[in-house]
Amino acid sequence: MPSSVKVIGFDNVEECNFTTPSLSSVDPDHELMARTAVSLLIHRIDEGTPGRDHQEFVSNFRVVERESTRAGARRSPAARL
């Protein structure tokens, strides 16, 4: 990967640690998203409202910085080939 390119993924899956260079990723708050989804679903069931209403939800997240976005990150010898 050229040093002028920065790459970041989304979801912070475990495989991000095993790429060369390791992949930076956005780590969404899965627990909060799941709790919110269940709460909204239960509300719809209890209220008998149809699924047509649009609701916006903003979740917390964190950026997990790894080699793919670090300035001056070292690449493995195999990555230089």
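Nothing in this text is a laboratory measurement; each read-out follows from the coordinates by a stated rule. None of the values given here were measured: they were computed from a predicted structure.
Phi angles across the range 6-18 convert, under the Karplus curve 6.51 cos²θ - 1.76 cosθ + 1.60 with θ = phi - 60°, into 3J(HN,Hα) values of 10, 10, 9, x, 9, 4, 6, 5, 4, 4, 4, 6, 9 Hz, Gly and Pro given as x. Subtracting the Cα-Cα distance of Asp27 and Ser39 from their residue separation scaled by 0.36 nm leaves 2.1 nm.
Estimated at 0.36 nm per residue, the fully extended path between Ile8 and Ala71 surpasses their Cα-Cα distance by 21.3 nm.
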